[in-house]
There are 2 protein chains.
Amino acid sequence: MTYANRPTILTGDRTTGPLHLGHYVGSLRARVQLQHEAQQFLLLADTQALTDNVGRHRKVTENVIEVALDYLAVGIDPEKSTILIQSQVPELAELSQYLLNLVTVARLERNPTIKEEIRLRGFERDIPAGFLTYPVSQAADITAFRATHVPVGDDQLPMIEQTNELVRRFNHTVEQPVLVECQAVLSNVTRLPGIDGKAKMSKSLGNAITLSASPDEITKAVNDMYTDPCHLRVSDPGQVEGNVVFAFLDAFEPDVDKVSELKSHYRRGGLGDSVVKRMLDERLQSLIEPIRARRRELADDRGEVVSILRRGTMRAREAAALTLSQVKGALGLSYF
Amino acid sequence: MTYANRPTILTGDRTTGPLHLGHYVGSLRARVQLQHEAQQFLLLADTQALTDNVGRHRKVTENVIEVALDYLAVGIDPEKSTILIQSQVPELAELSQYLLNLVTVARLERNPTIKEEIRLRGFERDIPAGFLTYPVSQAADITAFRATHVPVGDDQLPMIEQTNELVRRFNHTVEQPVLVECQAVLSNVTRLPGIDGKAKMSKSLGNAITLSASPDEITKAVNDMYTDPCHLRVSDPGQVEGNVVFAFLDAFEPDVDKVSELKSHYRRGGLGDSVVKRMLDERLQSLIEPIRARRRELADDRGEVVSILRRGTMRAREAAALTLSQVKGALGLSYF
């Protein structure tokens, strides 16, 4: 298996819950495509999830298999993509340790992404050291696999900047180009809102449709979707902007012309929410049905899933061990 | 090899230079004794030395073998003590990573030892993240080997406190007594001053006598030793306090009565510096001569030394891997 001149992508998910349609639109769909064009490492980021889930480690570790099931169910092919469990690649912890010496505490505290996340989590002065330093672990993940491309949201750009700073600092220190800089790949997909109209779909906000949702759960979620609160009668003109049902149709209905027509009709008036919701329900049912079926099938053969994860993790370890041995070699840390 | 009910000691040295008589008096001599009574892990702390030696990695790694030679030359028996190279035990980096989540940045910044070291190194706001967090790595070293006793200077007591805090926090989080608390063993030996009379003997201050010093170097160092600047003529009464020659005689002359007599004579007057220095010179020559000879012999068989380090490191890895697997097991991080 050679990947000469193919881009190498590193991406993944914190394992804090099963994935939902937001993940599908934001990343999973692209990953299924990209696995044909690039070498792709998919990180089940349990170690990273632990940095702000002390005491909730069971949740983190139990969801490793759930996220893996989601990956496989949507069509990630473990022969094409390397799915790995972060905590099972000790080379990442080692590499992090060396990178930690190359960044100051003040620089980590200036990272706008971390600043915002600290604010969101209400850590204030009680920031766990593991949380403040997780961008360094992330840099280790990226550089261990020599990733050239990292898909991120624009709020994550400072992470890539920090990674590349560490790469340059390391290479400068050892006077050899050991580590590789990466570039951010910004997604051009609009973020899928929650069914309540909030900007972000999130399991913890209770506004998500998971990839394992049952037919009833899907229908209920669609019926609960936030539309235009002023669109009271079918004949009223309705607003499409901020209307979750249309945001979902934009994301999931491949027939763009049809969506465009529906929007015009809705704006003019005469198109009831229930009609559009029924169409969306059908669309989502037919999208999720095969995913759910495949997921159930895989879940019944847990041994096979574990074995897929073991193989992916071993493959990933080989790649990471190679980088680590170059890093340690450059530092003079090869005694035996 | 079982060690039931025997204390387990973790100790070691940053590998930034060959060891000197200060190390011999402060720790090496005790280690040679303790290896008969306790299980002893001796850490060649290259990873820790790197936290404040970015760009000087060659110095750190080259001194690993020098410090190992010193250990072996003074009589550390690799069959009785486990000598290991820190960077070659990846389990330590992994364990650190989990412990990092259990301490806040603010708590690390409050550590008095770190505060003082930051001041000494002039880091101010440019504290490398690896340096601020090294007490956590140290806690990983201690707990990985289930050390029950850690010899420290009193300036290092906050490190032991921090370690035990992490132990309690971890055990509380996983609701199992996985890690073991340790206790500090304060040395009852007075610190050996530098030959210039400064409180601390240190290679970088140029006031040290190394364990590999040549006969001429020893004689020169003794002749250069700071005595009593007011003791101008032999007949003058001299002061023993702050007199480096007597501090050395206290440390190295086993005949306590003889030293006591010499002190009285010196205090009365009539005992010249050159006479006392000659005695000390003889004492140090006979102490260092066999160490130097053994060191040279070992240095000529570098392959054997490397092989000793490899065996010690492998033995240490087994012990650390056992602890790590319990730690990961308790967190639920055992998937395969």
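Taking the stretch B:304-336 as the search range and keeping residues that are open to solvent by 40 Å² or more (accessible area, probe 1.4 Å) and of a type in the set (Ser, Thr, Tyr), which one is farthest from the other protein chains (Cβ to nearest Cβ)?
Going through the qualifying residues, I end up with B:Ser325.
Could you say which residue among B:Asp301, B:Asp250 is open to solvent by 70 Å² or more (accessible area, probe 1.4 Å) and in contact with a Ser or Thr (Cβ under 9 Å, 6 or more places away or on another chain)?
Numbers: B:Asp301 fails: in contact with a Ser or Thr (Cβ under 9 Å, 6 or more places away or on another chain).
On inspection, the qualifying residue turns out to be B:Asp250.
Do we find that A:Val150 is outside any loop (DSSP other than H, G, I, E, B) and either touching a residue at least 24 places away in the same chain (Cβ under 8 Å) or buried (at least 19 other Cβ atoms within 10 Å of the Cβ) (or both) in this structure?
On the way: outside any loop (DSSP other than H, G, I, E, B): yes; either touching a residue at least 24 places away in the same chain (Cβ under 8 Å) or buried (at least 19 other Cβ atoms within 10 Å of the Cβ) (or both): yes.
For A:Val150, the condition - outside any loop (DSSP other than H, G, I, E, B) and either touching a residue at least 24 places away in the same chain (Cβ under 8 Å) or buried (at least 19 other Cβ atoms within 10 Å of the Cβ) (or both) - is met.
Give the stretch A:264-277 a look and list any residue that's assigned to a helix (DSSP H, G or I) and either without any contact (Cβ under 8 Å) to a residue 24 or more places away in the chain or open to solvent by less than 20 Å² (accessible area, probe 1.4 Å) (or both), or say none. Break it down stepwise before answering.
Within the stretch A:264-277, the first condition is being assigned to a helix (DSSP H, G or I), and the residues that meet it are A:264-268, A:273-277.
The answer is A:Ser264, A:His265, A:Tyr266, A:Ser274, A:Val275, A:Val276.
Can you tell me which residue among A:Glu66, A:Glu37, A:Glu62 is at the interface with chain B (Cβ under 10 Å from one of its Cβ atoms), open to solvent by 10 Å² or more (accessible area, probe 1.4 Å) and not polar (S, T, N, Q)? Before the answer, list the steps.
Values: A:Glu66 fails: at the interface with chain B (Cβ under 10 Å from one of its Cβ atoms); A:Glu37 fails: at the interface with chain B (Cβ under 10 Å from one of its Cβ atoms).
Only one candidate passes the filter, namely A:Glu62.
The rows are residues; the columns are (1) of a type in the set (Val, Ile, Thr); (2) surrounded by 13 or more Cβ atoms within 10 Å (Cβ to Cβ); (3) modelled with pLDDT under 95; (4) not assigned by TED's automatic domain parsing to the domain that holds B:Gln326.
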position	(1), (2), (3), (4)
B:Asp155	no, no, yes, no
B:Ile160	yes, yes, no, no
B:Leu166	no, yes, no, no
B:Glu181	no, yes, no, no
B:Leu205	no, no, yes, yes
B:Val234	yes, yes, yes, yes
B:Gly242	no, yes, yes, yes
B:Leu262	no, yes, no, yes
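Can you say whether B:Thr173 is outside any loop (DSSP other than H, G, I, E, B), within 11 Å of chain A (Cβ to nearest Cβ) and either surrounded by fewer than 20 Cβ atoms within 10 Å (Cβ to Cβ) or at pLDDT 95 or above (or both), as far as the supplied structure shows? Explain how you work it out, then say what you get.
Numbers: outside any loop (DSSP other than H, G, I, E, B): yes; within 11 Å of chain A (Cβ to nearest Cβ): yes; either surrounded by fewer than 20 Cβ atoms within 10 Å (Cβ to Cβ) or at pLDDT 95 or above (or both): yes.
Yes; evaluated as a whole, the condition is true for this residue.
With respect to the numbered conditions (1) open to solvent by 20 Å² or more (accessible area, probe 1.4 Å); (2) in contact with a Leu (Cβ under 9 Å, 6 or more places away or on another chain); (3) at the interface with another protein chain (Cβ under 9 Å from one of its Cβ atoms), which one is the sole condition not fulfilled by A:Gly75?
For A:Gly75, the exception is condition (3).
Can you pull out the residues in the stretch B:91-105 that are in contact (Cβ under 8 Å) with a residue 40 or more places away in the chain and of a type outside the set (Ser, Thr, Tyr)?
Our first condition is that a residue be in contact (Cβ under 8 Å) with a residue 40 or more places away in the chain; within the stretch B:91-105, this holds for B:91-96, B:98-99, B:102-103.
Across the stretch B:91-105, the qualifying residues are B:Glu91, B:Leu92, B:Ala93, B:Glu94, B:Leu95, B:Leu99, B:Leu102, B:Val103.
Within the stretch B:104-125, which residues are within 7 Å of another protein chain (Cβ to nearest Cβ), in contact with a helix residue (DSSP H, G or I) (Cβ under 7 Å, 6 or more places away or on another chain) and open to solvent by 10 Å² or more (accessible area, probe 1.4 Å)?
B:Thr104, B:Arg125
For the stretch B:20-43, which residues satisfy the criterion of being of a type outside the set (A, V, I, L, M, F, W, C) and either outside the structural domain of B:Ala319 (by TED's automatic domain parsing) or in a loop (DSSP other than H, G, I, E, B) (or both)?
At the first step, the residues of the stretch B:20-43 found to be of a type outside the set (A, V, I, L, M, F, W, C) are B:20, B:22-24, B:26-27, B:29, B:31, B:33, B:35-37, B:39-40.
Listed by number, the residues that qualify are B:Gln35, B:His36, B:Glu37.
As an exercise: evaluate B:His57 against (1) surrounded by 20 or more Cβ atoms within 10 Å (Cβ to Cβ); (2) more than 10 Å from the chain's Cα centre (by Cα); (3) over 22 Å from B:Gly206 (Cα atoms) and give the number of the one condition it does not meet.
The single condition B:His57 does not satisfy is (3).
For the stretch B:87-103, which residues satisfy the criterion of being in contact with an Asp or Glu (Cβ under 7 Å, 6 or more places away or on another chain) and open to solvent by 10 Å² or more (accessible area, probe 1.4 Å)?
Initially, the stretch B:87-103 is screened for residues in contact with an Asp or Glu (Cβ under 7 Å, 6 or more places away or on another chain), giving B:87, B:90, B:92-93.
Hit for the stretch B:87-103 is B:Pro90, nothing else.
The values are calculated or read from the model by the stated rules, or taken from the named source; none is laboratory data. All values derive from a computational prediction rather than experimental measurement. Using ideal geometry, Cβ is built from the backbone for each residue, glycine included, and neighbour counts are taken over all protein chains shown. Note: accessible area is taken over every heavy atom of the protein model, side chains too, but ligands, DNA and RNA are not part of it. Shrake-Rupley method; radii C 1.70, N 1.55, O 1.52, S 1.80 Å.
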